[in-house]
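The values are calculated or read from the model by the stated rules, or taken from the named source; none is laboratory data. Quantities reported herein were computed from a predicted structural model and do not represent experimental measurements. The area values use the complete protein model at the heavy-atom level, side chains included, leaving out ligands, DNA and RNA. Shrake-Rupley method; radii C 1.70, N 1.55, O 1.52, S 1.80 Å.
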Amino acid sequence: MDVIVIGCGAAGIAALRRLHDAGLKVLGLEADDRIGGRIRTVEFGECALDLGAAWCHGEKDNIVFELANPLGLLGRPNPDNKWYVLSNGELLPEDKSEALMEALNQEVGKADKNSKKSIKECVRNAAKSNAMLKNEPLAKYFVEWFERNSHVGGDQDPRQGKSLKGLQECWGCEGEFMLNWKGKGFKTILDVLLNKYPDPSKAIPVQIMLKKEVESIKWRSSQPGLKPENSLVQVKCKDGSLFATKSVIVTMSIGVLKERHDQLFNPPLPAEKANAINTLQLCVLDKIYIEFTKPWWPKTPANFSILWRDEDKAKFSDDEKWVTEIYGLYSVEHQPNILLAWIYGTGAKQMEKCTPDQVKVGINKLMGILKKQFDVSPVKAIIRSQWASNALARGSYSYRSVATEEDGGSAIVLSEPLYHSGKFPVVCFAGEATSHHRHSAVHGAIESGFREADRLISILKKK
């Protein structure tokens, strides 16, 4: 075997496609019973729902757009209809709300991105110094909303908060940020990469083995006199199966690497690699899809921002506190009866521990707030994600923390291969967390899969 790809999410599938097209012998090992990783599309009615990645973010220099748009797969959204709702049910004026949001965005925009400070610290300082934010009684609730919506982190440990420098070095793609999949779901990109779309009969015959959770990677051969390019990496799975290959591409999430890198790699990872894994963080962002008996919002697309007052939070029991962490409700393309609730961080982790019935009860309590202004129809069903408790993910997307900047970790360090005899890359790393400028996005993951495949192709084909 020339290359084994460990993990068959977007990065892994991209690597497999590129390696296969180059004529190399490749194998994909996936621990789950499906491919896709944090792309997880589930069928719902006549269309689909995405529990993970859902939109193509941008057009220029976006590999997802370049692959999907020529096939007519992407749809453009209509402008949102926005409502800002205080947790006592009061509707806030849109102009005033937008002005406060803009003030927060401006403060973050003009902050020194070369500092090692967190976005959270910047926002809190802005609330104390910006004239509009300092003098507006409602500003506190907008600051909290902004922190949730921006997933700034650092609640338990300030060093785990998102860094300003990471914000600067994360490159967005110009063009429409919320391109949808016309009801087909993000899994369509996997079909494109595997050449299954639009004609499944033309799919590439790459071998992918499911339910193959890797237990150990022995990456430094002890065989004397073995040439680097012939060095065999030994991969052992939890079911006892063994594989040998010239090189592996590891695409596990940064959350899984945090938990398991000490036991996974033999010999252990170099200190700088372990430091990069330990200081990069994984955001927990969950979705709760709420199906109603009929749509009740005045206009579609609908966008509700929920701003929580302390006295209203106090009305929820400890077991229901997660409800007060829901910060937004949005209508869903091609699903006219559904709103998508977003929940982040500690609240998301608490929600994941609830039973489906408990989540439904909590959502009904949330609807009680909206019923003060709108004729809300009954909740019919809910579908939610559980990325933190998923042992094969442990979160939603990576980000650079204050600790990353202070301790010298980076996506660049994470992306560097482990070499045999200083020459041959026996262990390569891909996945969105290894993308220096496109982390947190599927297009960053796919780029990283192509990057590592090209690295190995240039060496193995040359040999």
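What list of whole percents do you get for P(r) of the range 333-463, with Cα-Cα distances grouped in 10 Å bins up to the one holding the largest distance?
Using 10 Å bins, I get a P(r) of 10, 26, 25, 18, 13, 6, 2, 0 for the range 333-463.
A 19 angstrom limit on the alpha carbon distance is what I want to check against. Which of LYS96/LYS372; LYS96/LYS294; LYS287/LYS380 exceed it?
From LYS96/LYS372; LYS96/LYS294; LYS287/LYS380, over 19 Å: LYS96/LYS372; LYS96/LYS294.
With Rg and the Kirkwood Rh both taken from Cα atoms, where does Rg over Rh land for the range 410-463? List each step's numbers first, then the result.
Numbers: Rg = 11.5 Å, Rh = 11.4 Å.
Radius of gyration relative to Kirkwood radius: 1.01.
For ASP239, ASP50, what's the largest-to-smallest order of accessible area, 1.4 Å probe?
ASP239, ASP50
Would you mind computing Rg(Cα) / (2.2 N^0.38 Å) for the chain, counting N as its residues?
1.02
Treating cross-link reach as a plain straight distance, find the lysines whose alpha-carbon is under 22 Å from the alpha-carbon of LYS423, omitting any fewer than eight places away in the same chain.
List returned: LYS25, LYS218, LYS227, LYS246, LYS273, LYS461, LYS462, LYS463.
As a test of reading the structure, rank SER421, SER163 by solvent-accessible area (1.4 Å probe, protein chains only), most first.
Values: SER421 80, SER163 0 Å².
Of SER421, SER163, the descending order of accessible area is SER421, SER163.
Regarding the range 229-341, what is the average projected area of its C-alpha convex hull, in nm²?
In nm², the orientation-averaged hull projection of the range 229-341 is 13.5.
Rg(Cα) of the range 293-372 divided by 2.2 N^0.38 Å?
Details: Rg = 12.8 Å, N = 80, 2.2 N^0.38 = 11.6 Å.
This ratio for the range 293-372 stands at 1.10.
May I ask for the percentage of alpha-carbon pairs in the range 1-64 that lie more than 15 Å from each other?
The calculated P(r) of the range 1-64 puts 61 percent of pairs beyond 15 Å.
In 10 Å bins starting at zero, report the fraction of Cα pairs in the range 175-307 per bin as a rounded %.
In order of increasing distance, the bins hold 8, 23, 25, 24, 13, 5, 1, 0 percent.
Would you kindly calculate the translational diffusion coefficient of the range 1-144, applying Stokes-Einstein with the Kirkwood radius from alpha carbon pairs, for 4 °C and a viscosity of 1.567 mPa s, and quote it in µm² s⁻¹ without decimals?
Calculated translational D: 64 µm²/s.
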